[in-house]
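Single-structure report; data block below.
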Amino acid sequence: MKGEYDGILQWPFRMMVKITLIDQKPKIEDRINVSFTIDPRMLNDSAQFLHRPISERNASFGAQTFCSLEILESYMHQDAMFVKFEVFPIAEAELLGRNMEKSEKKKKQHASPVVSTNYQDYP
């Protein structure tokens, strides 16, 4: 979508985008957040999606299979849903990924419960 700051932004868009549904269960140990990461490097022909818009809107892309409607509805609590969007430069995302892997290994060693997962873990 065209915007007033397009002239000062870097094109094409080269950031990782992580979308997370935040679980609102009362017990923290029962919470399982659902996350999906969009990596622009995975798009073969990214010009129509990630380059500076030349018309009012670019073609869209994203996470059509983020999660099912049934799962999505289960994250509603008192008519509210919390969705977290994080945008990272590729290098920072790779560093965060490596640190997360190390952190996950430590968690497994200490038998801590997993509180975050990918949408693929859901039916």
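Laboratory data are not the source of any read-out in this text; all were calculated from the coordinates shown. Owing to the predicted nature of the structure, the values given are computational and were not obtained by experimental measurement. Please note: Cβ atoms are built from the backbone with ideal geometry, for glycine as well, and neighbour counts cover all protein chains shown.
Counting neighbouring beta carbons within 10 Å and listing from fewest to most, the residues Asp30, Asp23 come out as Asp30, Asp23. Measuring r between the beta carbons of Lys2 and Glu73 and using R0 = 25 Å, the FRET efficiency lands at 0.15. The length gained by stretching the chain between Asp39 and Phe66 to full extension, at 0.36 nm per residue less their Cα-Cα distance, is 8.3 nm.
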